[in-house]
Amino acid sequence: MMKETLNAKIRLGLLAALSLSAAALTLNAQQAAQVPVASSSAAAASTRTTTASEDARPAQTVSQYRIGPRDVLAIRVAAPDIVAQFSSDAMEVDECGMIPLLSVQNEEQGQVKAAGFTTSELQEHLRKFYTKYKRNPQVVVKVREYNSQPVAINGAVMRPGQFQLRRQVRLLELVQFYAGGPTERAGGRIQIARMPALGMCESEAAAASAAQGDDAYAPTFLVLNLNATLKGDEQANPYLLPGDVITLPAAKEAYVVGNVLRPGPVLLTEDHLTVSRAIAMVGGLMPDSKKEKIRIIRQESGSAKSQEIFVDLKAIDKHQAEDIALLPNDIIEVPVAGGKRLLRSLVGTIVPTVGQLPVQVIR
């Protein structure tokens, strides 16, 4: 009963992390499927090559993978006088990192710790155990299913997805190499939702729950600067932990309408995007624009009311007036001189539905 309750709480915590980290975001709808693992060369061929992504990929092998809870192992034990019953094709590591101890000479069945070992280390550990009972035992351990180190990335990246880690991976490597890098709609932040209870066994979870209550299952959030991460800054490029949900929030938008070359939305990817820069981003003013009477329509926070702010672009050009910084959802209207007002329509965007993400493996 405790195990079911623990699993339910962890699942609820993960759902909360996904919901909170993906608020106001949309993902490409994709069919959930187990994707075959590509070699490093094949993966590189399908991904745009950048110096940052190459630098982010450490040279590590699958043999360094540390076994964890919920991994499924294949164990082969062979010796002159050991029969096949002591082998297993599918042995799951439990939430405390243990596997059943294969009994010898009718001994009571116990458990042995598997989590934290590489396959070669666990092989040697089991070989030493069987040496006490049998002559020259040979033990082979392989990981059949990698389930203990899941991470997910969503939001404004080229290829959102779920991944099972087989080695240590830094944030930059996941973003650039495996997720294809940020899209043009990416804002200036990366958020990591981290699940402290993921992988806790019953005793650990019970102790944490007694000490912290429901907070033991609550995700914690790290907010990092995207540019710093892409530059490989140590402080903004942490190693990922099992259960991490990485989100690149899309930038907020303001809208430029009226007598400009390309009316439409502008992304607030900068901390201080001003009126004059926003107008430049949409191609600049058309002839006969009324530069001294540009209007900003701003929605008041928490209210249905809006306010109007008038901007004199001529005065801004002469450094005689402040170039006002825009807020999300501001509408900048550029009128036509002579009293006429021109509001060009904005083309609506189709919001894709949120879909399940395919699972891939990072070798």
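The values are calculated or read from the model by the stated rules, or taken from the named source; none is laboratory data. All values reported here derive from a predicted model rather than from experimental measurement. With ideal geometry, Cβ positions are generated from the backbone for all residues, glycine too; neighbour counts draw on all protein chains shown.
What are the residues in segment 152-178 that are assigned to a loop (DSSP other than H, G, I, E, B) and more than 21 Å from Gln235 (Cα to Cα), if any?
Listed by number, the residues that qualify are Ala156, Met158, Arg159, Pro160, Arg166.
Kindly list, by first and then second residue, each pair from a residue in segment 270-294 that is farther than 13 Å from Ile324 by Cα to a residue that is in a loop (DSSP other than H, G, I, E, B) and basic (Lys, Arg), limited to pairs with Cβ atoms under 7 Å and residues at least 6 apart or on different chains.
Between residues of segment 270-294 that are farther than 13 Å from Ile324 by Cα and residues that are in a loop (DSSP other than H, G, I, E, B) and basic (Lys, Arg), the close pairs are Val282/Arg262; Gly283/Arg262.
For segment 255-270, which residues satisfy the criterion of being aliphatic (A, V, I, L, M) and within 26 Å of the chain's Cα centre (by Cα)?
Val266, Leu267, Leu268
Could you list, ordered by first residue, the pairs with Cβ atoms under 6 Å in which the first is in segment 128-153 and surrounded by 14 or more Cβ atoms within 10 Å (Cβ to Cβ) and the second is of a type in the set (Ser, Thr, Tyr), at least 6 apart or interchain?
Close Cβ pairs satisfying both conditions: Pro137/Tyr130; Val141/Thr119.
Considering segment 251-264 alone, what residues qualify as being in a strand (DSSP E or B), crowded, with 21+ Cβ neighbours inside 10 Å and not hydrophobic (A, V, I, L, M, F, W, C)?
Across segment 251-264, the qualifying residue is only Gly258.
Residue by residue through segment 270-297, note down the ones that are part of a loop (DSSP other than H, G, I, E, B) and buried (at least 18 other Cβ atoms within 10 Å of the Cβ).
Result: Leu273, Val282, Lys290.
For (1) of a type in the set (D, E, K, R); (2) modelled with pLDDT of 85 or more, each residue gets a yes or a no:
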position: Asp71; (1), (2): yes, yes
position: Ser88; (1), (2): no, no
position: Ile99; (1), (2): no, yes
position: Gly110; (1), (2): no, no
position: Gln149; (1), (2): no, yes
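Can you find a residue that is crowded, with 19+ Cβ neighbours inside 10 Å, at pLDDT 85 or above and among the hydroxyl-bearing types (Ser, Thr, Tyr) anywhere in segment 174-190?
Scanning segment 174-190, I find at least one residue that is crowded, with 19+ Cβ neighbours inside 10 Å, at pLDDT 85 or above and among the hydroxyl-bearing types (Ser, Thr, Tyr), so the answer is yes.
May I ask you to list the residues in segment 216-250 that are touching a Ser or Thr at 6+ places or on another chain (Cβ under 7 Å), under 20 Å from Val175 (Cα atoms) and either aromatic (Phe, Trp, Tyr) or surrounded by fewer than 22 Cβ atoms within 10 Å (Cβ to Cβ) (or both)?
Correct list: Ala236, Asn237, Pro242.
Within segment 228-287, can you find the residues that are polar (S, T, N, Q) and in the same structural domain as Leu174 (by TED's automatic domain parsing)?
Thr229, Gln235, Asn237, Thr247
Please determine whether any residue of segment 133-151 is part of a strand (DSSP E or B) and under 26 Å from Ala236 (Cβ atoms).
Yes: one or more hits.
Would you pick out the residues in segment 127-141 that are more than 18 Å from Gln111 (Cα to Cα) and touching a Ser or Thr at 6+ places or on another chain (Cβ under 8 Å)?
Result: Pro137, single match.
If you take the residues in segment 298-319 that are touching a residue at least 24 places away in the same chain (Cβ under 8 Å) and not in a helix (DSSP H, G or I), which one is surrounded by the most Cβ atoms within 10 Å (Cβ to Cβ)? Write out each step before concluding.
To start, the set of residues in segment 298-319 that are touching a residue at least 24 places away in the same chain (Cβ under 8 Å) comprises 298-299, 311, 313, 316-317.
Applying the additional criterion that residues be not in a helix (DSSP H, G or I) yields 298-299, 311.
Numbers: Arg298: 19, Gln299: 15, Val311: 23.
Here the answer is Val311.
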